[in-house]
Amino acid sequence: MARTFERALVVGASSGIGEQLVRQLVAGGTRVAAVARREAELRRLAGELGDRVSIHVHDVRDYDAAPATFDRIVDELGGLDLVIYNAGVMPTIDEHEVDFDKDRQMVEVNLLGAMRWLGLAGAWMEARGAGTLAGISSVAGDRGRRGNPGYHTSKAALTTYLESLRNRLSRYGVTVVTIKPGPVETDMTRGMKLPLLIPAEQCAREALSHMRDGAVEAYVPATWAPIMTVIRMVPSFVFRRTNI
Ligand SMILES: NC(=O)c1ccc[n+]([C@@H]2O[C@H](COP(=O)([O-])OP(=O)(O)OC[C@H]3O[C@@H](n4cnc5c(N)ncnc54)[C@H](OP(=O)(O)O)[C@@H]3O)[C@@H](O)[C@H]2O)c1
């Protein structure tokens, strides 16, 4: 039976896929706490969607501030049925560029922020024996491609973290869903030439459907499942000579 979510938290809610997740959850009757840094974007969203959305300005790299913000959201909504970690960054990396600050930012936002927020939410749900956690990972986590080592590493680690959470929490009634989108039209991919690009609205719609079904791991769109099965099988000595 499909899950229904009365109260949700979306981390990374101010644009792109996260904004669409908030819009679609609210349209389905869910009350949503929206977390991100850009207050003006969050206010715009709340202004449009009304009092079903509350906004919380927060930088996920401020790890010490997360518990108080999480507790405030739980109090405000009277609990949580769904927590989605969507925050992510992918700075452009040139062919010969090595920039530790960019690598650090990707690990801090894409991975450590997820561990902080999903760790808090997972413990809260475990104590209550119910709830759904979801992480927006990526097809980029399936192989270490040449273009952006820091991004691929952060998403591979996020995928593994989500699997560990699932194995830890499923016996306590908590569902953990890993979403692996292919390229999506958002600020992150603006100006890039990418295959099978889909709108953020479609990505959010398919991702929410997988969360309602309690899927384990889902590619969005599903076309990526057979493609990534083949890409994962390409031997390293061949893969390193390609541009995929
Ligand atoms: N676009 C794609 O092709 C694609 C494909 C696969 C996976 N993904 C993943 O999908 C997720 C959403 O990306 P998007 O494409 O929708 O890009 P986006 O429009 O740039 O959205 C990124 C979101 O992350 C938030 N964020 C970034 N740094 C943050 C920080 N330090 N603290 C709090 N929030 C932060 C942003 O909010 P603020 O800037 O307001 O803080 C924004 O809400 C990311 O995890 C990305 O890796 C994207």
- line: Exception for Gly18 within (1) closer than 20 Å to Ala200 by Cα; (2) surrounded by fewer than 22 Cβ atoms within 10 Å (Cβ to Cβ) falls at (2)
message: Being within 16 Å of the ligand (Cβ to nearest atom) and under 18 Å from Leu133 (Cα atoms) is the requirement here; does Gly16 meet it?
response: no
message: Show me the helices (runs of 4 or more DSSP H) found entirely inside the range 160-244 where at least 1 residues are at pLDDT 95 or above and touching a Gly at 6+ places or on another chain (Cβ under 7 Å).
response: 200-213, 224-233
task: Looking at (1) exposed (fewer than 12 other Cβ atoms within 10 Å of the Cβ); (2) within 16 Å of the ligand (Cβ to nearest atom), find the lone condition where Glu95 falls short.
output: (2)
statement: Residue set Ala157, Ala204, Ala114; condition crowded, with 17+ Cβ neighbours inside 10 Å and within 22 Å of Pro221 (Cβ to Cβ); output residue Ala204
task: Looking for whichever is within 8 Å of the ligand (Cβ to nearest atom) and among the polar types (S, T, N, Q) here; the options are Thr189, Thr178. Which one fits?
output: Thr189
task: Go through the range 51-79 residue by residue and tally those that are under 21 Å from Leu165 (Cα atoms), touching a helix residue (DSSP H, G or I) at 6+ places or on another chain (Cβ under 6 Å) and part of a loop (DSSP other than H, G, I, E, B).
output: 2
task: Being near the ligand (Cβ under 9 Å from one of its atoms) and part of a helix (DSSP H, G or I) narrows it down to one of Glu48, Glu41, so name that one.
output: Glu41
- request: Tell me, please, whether a residue that is part of a helix (DSSP H, G or I) and closer than 19 Å to Ile17 by Cα can be found in the range 119-138.
  value: no
query: What pairs can you find where one residue is in the range 1-24 and more than 16 Å from Asp187 (Cβ to Cβ), the other is polar (S, T, N, Q) and within 16 Å of the ligand (Cβ to nearest atom), and their Cβ atoms are less than 7 Å apart, with a gap of 6+ or different chains?
result: Val10/Asn86; Val11/Asn86
message: Please go through the range 121-150 and give me each residue that is closer than 21 Å to Tyr63 by Cα and surrounded by 19 or more Cβ atoms within 10 Å (Cβ to Cβ), ordered by number.
response: Ala121, Gly122, Met125, Leu133, Ala134, Gly135, Ile136, Ser137, Gly150
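The values are calculated or read from the model by the stated rules, or taken from the named source; none is laboratory data. Keep in mind that what you see is a predicted model, and the values were worked out from it rather than measured. Using ideal geometry, Cβ is built from the backbone for each residue, glycine included, and neighbour counts are taken over all protein chains shown.
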